[in-house]
1. When residues of segment 169-227 are filtered for being in a loop (DSSP other than H, G, I, E, B), of a type in the set (Gly, Ala, Ser) and over 22 Å from LEU77 (Cα atoms), how many remain?
2. Right, GLU125: surrounded by fewer than 17 Cβ atoms within 10 Å (Cβ to Cβ) and in contact with a Phe, Trp or Tyr (Cβ under 8 Å, 6 or more places away or on another chain) or not?
3. Tell me, yes or no, whether segment 137-146 has at least one residue that is without any contact (Cβ under 8 Å) to a residue 40 or more places away in the chain, among the aliphatic types (A, V, I, L, M), touching an Asp or Glu at 6+ places or on another chain (Cβ under 9 Å) and under 30 Å from THR111 (Cβ atoms).
4. Which one of ILE90, ILE55, ILE67, ILE78 is in the same structural domain as ALA119 (by TED's automatic domain parsing), surrounded by 19 or more Cβ atoms within 10 Å (Cβ to Cβ), in a helix (DSSP H, G or I) and in contact with a helix residue (DSSP H, G or I) (Cβ under 6 Å, 6 or more places away or on another chain)?
5. Would you mind stating whether ALA126 is within 29 Å of GLU199 (Cα to Cα), touching a strand residue (DSSP E or B) at 6+ places or on another chain (Cβ under 6 Å), at pLDDT 90 or above and assigned to a helix (DSSP H, G or I)?
6. Would you please name the residue that is modelled with the highest pLDDT, looking only at residues in segment 99-110 that are surrounded by fewer than 21 Cβ atoms within 10 Å (Cβ to Cβ) and either closer than 24 Å to GLY28 by Cα or not aliphatic (A, V, I, L, M) (or both)?
Amino acid sequence: MNLSTSTPTVSPVARILLVDDHPLVRRGFGELISARSDMEVCGEAADADAAMEQIEATQPDLVVVDISLADINGIELIKRIRGKDDGIKILVASMHDESIYAERALRAGATGYVNKEVATDKVIEAILQVLSGQVYLSSTMTDDLLHRVVTGATGETSPVDMLSDRELEVFEKIGRGMTTREIAEMLKLSVKTIETHREHIKIKMRLRNAAELTRAAVQWVLENDRT
């Protein structure tokens, strides 16, 4: 009689790091992920510095990142992660309008963008798709990007679209009432660097002075803030 033994194949469990400045959001995503057998939460962070520490400590397969964080924004965090590790997959989950941030996130190194307001099955679909090495975007955003590829359109529909990622971050913080020094301290940059960004923003948006810059920034935040 020939007896043979074999070790059953066990599918690896994907390790996911959650980066969001709202504890309730992290808890909600955690419960959603923990309900599945093929993925688990390996860590949480509310800001970029904590996220980088968690990445070092937990070695996640996927990082789920919000755009709004307690220090720098999610776009800059994505760049930091990419500068440290090309292998980690990154999915942005945010309330922010994807027409403003999705393409910036992809350029920075993310491989997906999902709105927090979508049904839970769509969030899981986005996570699984990014884990499998594919890009996840809403059908609307996918159609928009394909249209631009076919037509050669730039996608720039407002002066804000011409801002660099860092300039947009500074512009948003101006709109939230932060001073130049406060922005510099939060982003760990010099006051002179922030002043330079302010000047570039004024030039690109054709704003004549600091007062016009502040008004434009406040108005933009009021129209786009969904945090």
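1. 1
2. Yes: the conditions hold for GLU125.
3. Yes: one or more hits.
4. The conditions single out ILE78.
5. When the stated conditions are applied, ALA126 does not pass them.
6. Residue satisfying both the conditions and the ranking: GLY109.
The values are calculated or read from the model by the stated rules, or taken from the named source; none is laboratory data. What you see is a predicted model; the values in this text were computed from it and never measured. When we count neighbours, we look across all protein chains shown, and the Cβ atoms used for this are built from the backbone with ideal geometry, even at glycine.
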